[in-house]
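Structure first, commentary second.
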Amino acid sequence: MDPTEEHASDGFKLVPHRGFNLINGIHDPAEVDRIHGWDVRDSDVFVITYPKSGTIWMQQILRLIEAKGDIDATREELNSDSVPWIELIGKGKEFEEAPSPRLRVSHLQYKFMPLALSQKKGKVIYVVRNPKDVLVSYFHFHKVATMLETPKDFNDFFEKFMRGDVYGNCWFEHIKMWHSHKDDMNILFITYEEMIQDLQTAVEKISRFLGKQLTRDQLASVVEHSTFRNMKRIPQANYELISGELLDHQKGSFMRKGTIGDWMSHFTVAQNERFDKVFQEEMEGFPLPFIWDIRVKPSSSK
Ligand code: A3P
């Protein structure tokens, strides 16, 4: 794509930068490039996701783990402020000055991330979600997010996603690139689906990875306040307090369905066949399991 080509949207635009689409007005290419040189502390934690894979969920879990399950301690701030995005304008300076532990989230591809991560500094949690549900969630999110172009219809968005013509670019490339560097980093891969199917075990796994020792009651509180039902009721946790300039709350909720398999009510048979073919080609030999249907119990995802 011509790097000067911009995608029209309501005031915001996708702007390709080094093979990755940034959002004009939200990201600054020079600031994004500086992330690579950031100093990383051992206590830093970066949650990496392709959009719509459960970032907000992990923001809530991480800050609750940090607060040892004390929900009242988290009510002062939005989860997007406690666990902010690194790629947003102005966040680099904030990162440098912030006290430890610095808990952060990002949708960036591996190549933009701090080099220090590959020297085993800090920790990374990569949340994987089955890409058919990602696509559906992203389609709906494009209607709510004012910074993203509203799709004409589902088919139009399906094509854009398959071309990687979205923020986050190609889903396949994102996960494969991060996964190919797993041995260089302190990284935990966790799936959205295993979190759905057994949140307690997932939270224990995350706490262990972070070296946090929580009592049974504290862990239970983390789980309780990070369920879909409860997050929907906690304004500081569900993005309903995010500015209307970024999210049009009349057009839908960030916490939409929170399930596995919604793709089945969106994909046509032809779209599904095409997706499966591409998935097989792209993901051949990829070791992580994928769960496409809520009725199927995971076998080796824990
Ligand atoms: P759906 O649109 O399928 O409902 P992200 O934060 O990366 O943008 O991901 C948003 C997706 O995660 C949305 O998916 C949202 O509902 C889901 N989600 C957020 N919190 C969740 C929770 N506690 N349990 C299950 N799903 C959750």
- Query: If the cut-off is 12 Å between C-alpha atoms, which aspartates and glutamates fall inside it for Lys132, apart from same-chain ones fewer than 8 positions away?
  - Reply: Asp262, Glu273, Asp276, Asp293
- Query: Mean separation of Cα pairs under 8 Å and 6+ residues apart, divided by the residue count of the chain: what relative contact order is that in percent?
  - Reply: 23 percent
- Restricting to lysines and to Cα separations under 21 Å from Lys93, and discarding same-chain partners fewer than 8 apart, the set is Lys111, Lys121, Lys123
- 17 Å Cα-Cα reach of Lys152 towards lysines, excluding residues that sit fewer than 8 places from it in its own chain: Lys13, Lys143, Lys160, Lys251
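What net charge is computed for the residues neighbouring Glu96, neighbours being all others with C-beta under 13 Å from the C-beta of Glu96, Lys and Arg scored +1, Asp and Glu -1?
On the way: positive: Arg34, Arg41, Lys91, Lys93, Arg102, Arg104; negative: Glu31, Asp39, Asp44, Glu94, Glu97.
Spelling it out: positives minus negatives among the neighbours equals +1.
Show me the ranking of peptides 271-278, 166-173 by mean Cβ neighbours inside 10 Å, starting with the highest.
Highest mean packing first, the order is 166-173, 271-278.
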- Point-to-point label distance, Asn186-Thr268, nm (Cα→Cβ direction, 7 Å offset): 5.0 nm
- Note on the structure: Phi-derived 3J(HN,Hα) across region 19-32 with the Karplus relation (6.51, -1.76, 1.60, θ = phi - 60°), rounded Hz, x for Gly and Pro, is x, 9, 6, 9, 9, 4, x, 10, 10, 10, x, 5, 5, 4
- Item | Integer Hz, Karplus 6.51/-1.76/1.60 couplings in order for region 34-49, x for Gly and Pro | 6, 4, 4, x, 4, 6, 10, 9, 4, 7, 6, 10, 10, 8, 10, 9
- Task: Scan around Lys123 for amide H atoms under 5 Å from its own, H built in the peptide plane at 1.01 Å from N, and keep only partners 5 or more places away or cross-chain.
- Result: Asp44, Val45, Phe46
- Message: Using all alpha carbons of the chain, what is the percent of pairwise distances in each 20 Å bin, ordered from the shortest bin to the longest?
- Response: 33, 62, 4
- Message: How large a share of the accessible area of region 74-185, in percent, is made up of carbon and sulfur atoms when the probe is 1.4 Å and the other protein chains stay in place?
- Response: 51 percent
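Taking a probe of 1.4 Å, how large is the accessible area per residue of the chain, in Å²?
Details: 13830 Å² over 302 residues.
That works out to 46 Å² per residue.
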- Once phi is turned into θ = phi - 60°, what whole-Hz ³J(HN,Hα) does the Karplus curve with 6.51, -1.76 and 1.60 give for every residue of region 50-56, x standing for Gly and Pro? 6, x, 6, 9, x, 4, 4
- Note on the structure: Expected sort for 210-220, 226-236 on mean C-beta neighbours within 10 Å, highest first, is 226-236, 210-220
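The values are calculated or read from the model by the stated rules, or taken from the named source; none is laboratory data. Note that this is a predicted model, so its numbers are computed, not measured. Positions of Cβ are backbone-derived with ideal geometry, glycine not excepted, and every protein chain shown enters the neighbour counts. Remember, those area values only see protein heavy atoms, side chains included, never the ligands or the DNA or RNA. Shrake-Rupley method; radii C 1.70, N 1.55, O 1.52, S 1.80 Å.
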